[in-house]
Amino acid sequence: MAPSFDNETSLFNFVVRDGNGVKGIVDLGISKVPQAYIQPPAEQINKKNASKCEIPPIDLSKLDGPDHDEEVNQIVRAAETLGFFQVVNHGVPTELLDSLKQTAHNFFGLPPERKAVYRREVSPSPLVKYGTSFVPEKEKALEWKDYISMAYTNDDEALQQWPVECRDVALQYLKTSHEMVRKLLEALLGNLGAELDDSKIDAFIGKKMVNMNFYPTCPNPELTIGVGRHSDMGTLTILLQDGIGGLFVKVPQDVNMEKKGEWVEIPPIPGALVINIGDMLQIWSNGRYKSAEHRVRTTSTKSRVSIPIFTSPQPTQKIAPLPQVVEKDGVARYKEFLFSDYTNNFFGNAHDGKKSLEFAKTNSA
């Protein structure tokens, strides 16, 4: 018989404080979701009502040929509408993608005490954090997810401080995707009238982090969420998802697309990477580009993994809409702020759609 927890505090301590994570509860043999994970009905994801996003992936190899302009237009169109798109021929080898997924499964399959050493309170490195949910202390209902995050400073520190079980493939993923990120940023900023040269690139993507996310099988997926509604706070996110699916994006109300206000699933495409626009690109573009509101459903059939790379400005970077865009629009929809202040606000609250952007809005927004 699966053990029961006396109260929510004992469950919280087992999952969060002791580092067992959601996987720890699942490994105990539970047959139903604990109360602490049951989401309010408005947040639950009804998969039956959701449709799939049928937009074909963008072939990045065409950026180097005669179809360059057409491909840039596709990237810009995706950024201006859904804020999400998939790419193929991106330069990250398929074998590496397969290896990343397997490595993530292996890492979360380790005994709890091996993972718990990286909990925020005790981690031997400020670059590495193992945790569960998003901000458990602030959430009304916990998210059905465990993760390990690895911040990048330089190769030497990554090799010394990232967990030995996943550091090599994670670092390779970061390095082999850099050229793709640069090309995407070049296309998106170029469309706004800003040039991207090597001296400026750190202002946009000076900070990088690789996460491995683990969504264990869930006895009642319809009651839970893997990740709640949110947009990413940075510049661009590159996401490797496995073949199970469960990533949903909200179609914005203010775009010329079908299904406005509806949630659509981003179906896994073998060998593809998912790109999503972060809050900073929405701000730099003065609202032209849309940071994508998204969430993740759990599943009862198989544990799911995803491996995102988060790119963002350095904490000390001042952020504001690009002057050439403001000049064209006649108004700045966002104020100037330090990226570190935005980060503190983002991580100081539970997931709540695109509410984090309110921090930066002016009265004209």
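The values are calculated or read from the model by the stated rules, or taken from the named source; none is laboratory data. Bear in mind that the values here come from a model prediction, so they are computed numbers and not experimental data. In this analysis, Cβ positions are derived from the backbone assuming ideal geometry, glycine residues included, and neighbour counts consider all displayed protein chains. We work out accessible area using only protein heavy atoms, side chains counted, and drop any ligands, DNA or RNA first. Shrake-Rupley method; radii C 1.70, N 1.55, O 1.52, S 1.80 Å.
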- line: Surpassing 27 Å at the alpha-carbon level, of the pairs Lys62/Lys290; Lys183/Lys290; Lys200/Lys328; Lys23/Lys129; Lys290/Lys318; Lys250/Lys318, are Lys250/Lys318
query: If you count the DSSP beta bridges with both ends in the chain, what percent of them are antiparallel, to the nearest 5?
result: 85 percent
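Share of region 6-357's accessible area from carbon and sulfur, percent, 1.4 Å?
49 percent
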statement: Sequence order, region 195-203: Karplus ³J(HN,Hα) from phi using 6.51 cos²θ - 1.76 cosθ + 1.60, θ = phi - 60°, Hz rounded, Gly and Pro as x, gives 8, 10, 10, 4, 6, 9, 4, 5, 5
field: Accessible area of region 6-357 divided out per residue, in Å², using a probe of 1.4 angstrom
entry: 43 Å²
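Given the peptides 22-35, 262-275, 113-126, 208-221, arrange them by the average over their residues of other C-beta atoms within 10 Å, most packed first. Walk me through the numbers before you get to the answer.
Working: 22-35: 15.9, 262-275: 18.9, 113-126: 14.1, 208-221: 21.1.
In descending order of packing, they fall as 208-221, 262-275, 22-35, 113-126.
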- line: With Cα coordinates, the longest principal axis of the chain makes an angle with the long axis of helix 68-80, in degrees rounded to 10, of 60 degrees
- request: Just the Kirkwood number for the chain, please: inverse of mean 1/r across all distinct Cα pairs, in Å, one decimal.
  value: 21.1 Å
statement: Which of Phe107, Phe337, Phe248 fluctuates most in a GNM of the chain (C-alpha springs under 10 Å)? That residue is Phe337
- line: Between the modelled labels at Arg182 and Ser199 (7 Å from Cα along Cα→Cβ) the distance in nm is 1.7 nm
- line: The distance between the Cα centres of region 103-132 and region 328-344, in whole Å, is 34 Å
